[in-house]
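Laboratory data are not the source of any read-out in this text; all were calculated from the coordinates shown. This structure is a prediction, so every number in the text was calculated from the model and none was measured. Cβ sites come from the backbone with ideal geometry, for glycine too, and all protein chains shown count toward neighbours.
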Amino acid sequence: MTRLGLIDYGMGNLHSVQRAFERLGAVVQPVSNAAEMDGCTALVLPGVGAFDPAMQRLRQGGLAEAITRWCAAGKPLLGICLGLQLLFEASDEGTAAGLGLLKGRVRALPRCPGQPIPHMGWEPLIAATPSPLLPAGGPDTWVYFVHSYAAEPNDPACNTALVRFGDTAVTAAVWQGAIGACQFHPEKSGPHGEVILRRWLAWLAAQ
């Protein structure tokens, strides 16, 4: 049985994420320290709020170091919203160092005429590098976004999906090794978000 460790550092939408996975048959265990990761199949790093306070809380609780060790061992992790941004090295939103599990920086969304910030609402994903989250040839996928910043991976192949923002496209989802992450909220994206979570759980089961 898939047991997910849901990282609880006081800044995540834990309840909605937990319910989404439990509806799909996963056992979800809140994790607030390294010891509680024992027995987990994978970790989920959610997040709502600002970059610097999130990193401060992860470091104070010893979770930043534990997550780094987890990923260094090749174990799976899924980031959601701010949880995606925390995987990178740094962010325009603050001065704290990120987890650095993915190379690159989180940038403020560009100012575009007629395009409000934060970027909020339903948008279709633009397919990039295929991954277990978004395989090649899949149907159009509409998901729900709320964000003012977007990651810029050093390696563009890290992007598994983009989203249109004004006259450009920014990172919507990433995949590298056993690390995946979504800038959007799959747990709030209805049937399309559920499909993405099902794919991730199926990939876990096949490992």
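Computed values, structure above
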{"quantity": "Cα shape, segment 84-207, gyration tensor, a/c 1.5 rule", "calculated": "oblate"}
{"quantity": "Table column - 3J(HN,Hα) (Hz), segment 44-60, Karplus curve with 6.51, -1.76, 1.60, x for Gly and Pro", "calculated": "10, 10, x, x, 9, x, 9, 4, 4, x, 5, 5, 4, 5, 4, 6, 4"}
{"quantity": "Linear extension gain, Arg198 paired with His15, 0.36 nm per residue minus alpha-carbon span", "calculated": "64.1 nm"}
{"quantity": "Centre separation in Å (Cα based) which lies between segment 13-80 and segment 101-143", "calculated": "22"}
{"quantity": "Contour minus Cα-Cα distance for Thr95 and Ala34 (0.36 nm per residue)", "calculated": "19.4 nm"}
{"quantity": "Relative contact order of segment 3-206, pairs being alpha-carbon contacts under 8 Å that are 6 or more residues apart, as %", "calculated": "19"}
{"quantity": "Derived scalar couplings ³J(HN,Hα) [segment 118-133; Karplus, 6.51 cos²θ - 1.76 cosθ + 1.60; whole Hz; x for Gly, Pro]", "calculated": "x, 6, 9, x, 8, 9, x, 7, 9, 5, 10, 5, x, 8, x, 6"}
{"quantity": "Ranked Thr160, Thr95, Thr129, criterion: other C-beta atoms within 10 Å, fewest first", "calculated": "Thr95, Thr129, Thr160"}
{"quantity": "For a label point 7 Å along the Cα-to-beta-carbon line of Ile117, residues of segment 143-169 with backbone N under 11 Å", "calculated": "148-150"}
{"quantity": "Dipole-positive endmost among Phe145, Val170, Ala73 within segment 3-206 (Cβ charges, Cα centre)", "calculated": "Ala73"}
{"quantity": "The chain - Rg and Dmax from Cα coordinates, angstrom", "calculated": "15.6, 49"}
